[in-house]
1. Just to verify a result, which residue in the range 107-122, among those that are under 25 Å from residue 248 (Cβ atoms) and in contact with a Gly (Cβ under 6 Å, 6 or more places away or on another chain), is farthest from ligand 2 (Cβ to nearest atom)?
2. Return the total of residues in the range 339-374 being part of a helix (DSSP H, G or I) and touching a Lys or Arg at 6+ places or on another chain (Cβ under 8 Å).
3. Does any residue of the range 117-124 turn out to be in contact (Cβ under 8 Å) with a residue 24 or more places away in the chain, under 26 Å from residue 479 (Cβ atoms) and among the aliphatic types (A, V, I, L, M)?
4. Working only within the range 527-547, note down all residues that are of a type in the set (Ser, Thr, Tyr) and exposed (fewer than 13 other Cβ atoms within 10 Å of the Cβ).
5. Can you find even one residue in the range 230-244 that is within 13 Å of ligand 1 (Cβ to nearest atom) and either touching a Leu at 6+ places or on another chain (Cβ under 9 Å) or farther than 24 Å from residue 317 by Cα (or both)?
6. Here are some conditions: (1) away from ligand 1 (no atom under 16 Å from the Cβ); (2) under 30 Å from residue 396 (Cβ atoms). Residue 277 meets all but one. Which one does it not meet?
7. Look at the range 310-336 and say how many of its residues are touching a residue at least 60 places away in the same chain (Cβ under 8 Å) and in a helix (DSSP H, G or I).
8. Just one of the numbered conditions (1) within 16 Å of ligand 1 (Cβ to nearest atom); (2) modelled with pLDDT of 95 or more is not true of residue 98; which one?
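The values are calculated or read from the model by the stated rules, or taken from the named source; none is laboratory data. Since the structure is predicted, the reported quantities are computational estimates derived from the model, not experimental observations. Note that each Cβ is placed from the backbone with ideal geometry, even for glycine, and that neighbours are counted across all protein chains shown.
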Amino acid sequence: MSEQKPRKTPEELRSHRWYGVKDLRSFGHRSRTAQMGFGREEYAGKPVIMIINTWSDINPCHTHFKQRVEEVKRGVWQAGGFPVEMPAMTLSEPFQKPTTMLYRNLLAMETEEILRAYPADGCVLMGGCDKTTPALVMGAVSMNLPMIYMPAGPMLRGNWNGVTLGSGSDTWKYWAELRAGKITEEDWQEIEGGIARSPGHCMTMGTASTMTSATEALGLIMPGYSSIPAPDSRHAQMASLTGRRIVEMVWEDLKPSDLLTPASFDNAVTTVLALSGSTNAVVHLIAMARRSGIDLDLKRFDDLARRTPVLANLRPAGKYLMEDFYYAGGLRALLVQLGDLIDGSALTVNGRTLGENIAGAEVFNDDVILSKDKALIASDGLAVLYGNLAPGGAVIKPAAAEPHLLAHTGKAVVFKDYNDMAARVDDPALDVDENSVLVLQSAGPLGAPGMPEWGQLPLPKKLLEKGVRDMVRISDARMSGTSYGACVLHVTPESHVGGPLALVREGDLIELDVAARKLNLLVSEAELAQRRAAWVQPPSKFTRGYGVLYAAHIQQADVGCDFDFLETDHVEPERQADA
Ligand code: FES
Ligand code: MG
């Protein structure tokens, strides 16, 4: 595709309208660029590369971005471009409340508008912490300028007295141990100090590793680079190479619309499945695809899951961490193992096909990256459930659940919202046993709001003390990619808008049958109709600002939780640069 396009001339650059024309406005742009210390020869006729940097003092996953952005700039200069660093809102998974998901679309909008409003010819997107990846990609795809994603890279393995610790997964694990009295408060404090010990995003196969790997498989990251640990010197080299390559991409006019196809999204979904990646990827990849004009739906995930083995032995599904994955050959080696499940003809940012990029990649540790005949899980790493409790679908990661729960009927214990759950779940008087089904309402895109990662409902303390470690849990929330358990997530439509989840009452029987892809509330249609008639929608939680916009336009999880007006049928012609 790219080779058929003529190379751009300097006069055809978008930035030419700011810097190159002879008028009053461009005088202003040039004199103000001079004010910043640049002579004309330093930028005239060069591609302007907007480096969108989500660095922040409160994002621990991006602490190295102050240095990395200098390395990206170095590459841009070397290739004859003009780098412009542009800070953008960070989405810091641990700190931003109520959830970063509430703000994913805001960062996507900011990204798109930065690129639209300023003289960008191409961009490098610097992110990695969970929602930053889909947000930056969604915004840039909507502007459709040449782009490369520069992933933060995973942090190093955690360590506690010689025990390897993984982000998230071990937090949940040792929190449960602490609550069950199996470790001391002192142990818990030592774990706090050792679980996150370098820059970089979570190093388990959580949302961050899942989304950067998926984005590489989509062709939007230079090959092999999503696996490099953040502090590795090769990560710095990757940054400058990314800077060099984006300049060429501008001349080649190689845009997201040249790269993103149904086949490339199938590659991304297959990659997520082979990694046993985060369920969050379902929401994000659907949104990213719809921004690209591709109608990726839930059913496609289920179809691809039926044929895709889990080949990455990474936590939480397996044993190892991203640092081990990199030393074992990284994503390229994993994609080679997938063989014909990957469409090698898909074009990528380096101008080559995915097949060319992964050719010859070797596995150096076959206990970390498995071959198909030794798969961690043969297939069905993810399942999409339908039924009268989830007419629009729900998802579960069967591999993260205790197998006996995958076909289970139990009595509902219903929490009407998060606070209700927090107040009652540990109450010794709660009528619950290991066969109960824990139901959380009002945790969806509008109800919570922001569809937080509350889907791994805590187990009642009295059951934990009895040794119970998993139960069926159902909600319209999401779940952290580092979590585990028999958690049915993303129930659509959500309870806040009157989905059947809102109608569940204490003691109702719920039937989960993962093999049959079923999720049913065993209550008669007549009774449900009565409950529906009596149901009153809770008031909106927003009275001002971004929340009002969010509430008016957010869509449900099955279509990716994007704002309706940001989807591809809302195309606008480019505004005048100097209007
Ligand atoms: Fe940033 Fe997990 S906290 S990726
Ligand atoms: Mg997370």
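1. Top of the filtered list is 112.
2. The first filter runs over the range 339-374 and keeps only residues part of a helix (DSSP H, G or I), leaving 339-341, 354-358, 372-374.
Checking which are touching a Lys or Arg at 6+ places or on another chain (Cβ under 8 Å) leaves us with 339, 341, 357-358.
Residues flagged as part of a helix (DSSP H, G or I) and touching a Lys or Arg at 6+ places or on another chain (Cβ under 8 Å) within the range 339-374 amount to 4.
3. no
4. Narrowing the range 527-547 to residues of a type in the set (Ser, Thr, Tyr): 540, 543, 546.
Scanning the range 527-547 gives a single hit, 543.
5. Looking only at the range 230-244, we keep the residues that are within 13 Å of ligand 1 (Cβ to nearest atom), and these are 230.
Now narrow it down to the ones that are either touching a Leu at 6+ places or on another chain (Cβ under 9 Å) or farther than 24 Å from residue 317 by Cα (or both): 230.
Checking the range 230-244: at least one residue is within 13 Å of ligand 1 (Cβ to nearest atom) and either touching a Leu at 6+ places or on another chain (Cβ under 9 Å) or farther than 24 Å from residue 317 by Cα (or both).
6. (1)
7. 10
8. Among (1) within 16 Å of ligand 1 (Cβ to nearest atom); (2) modelled with pLDDT of 95 or more, residue 98 violates only (2).
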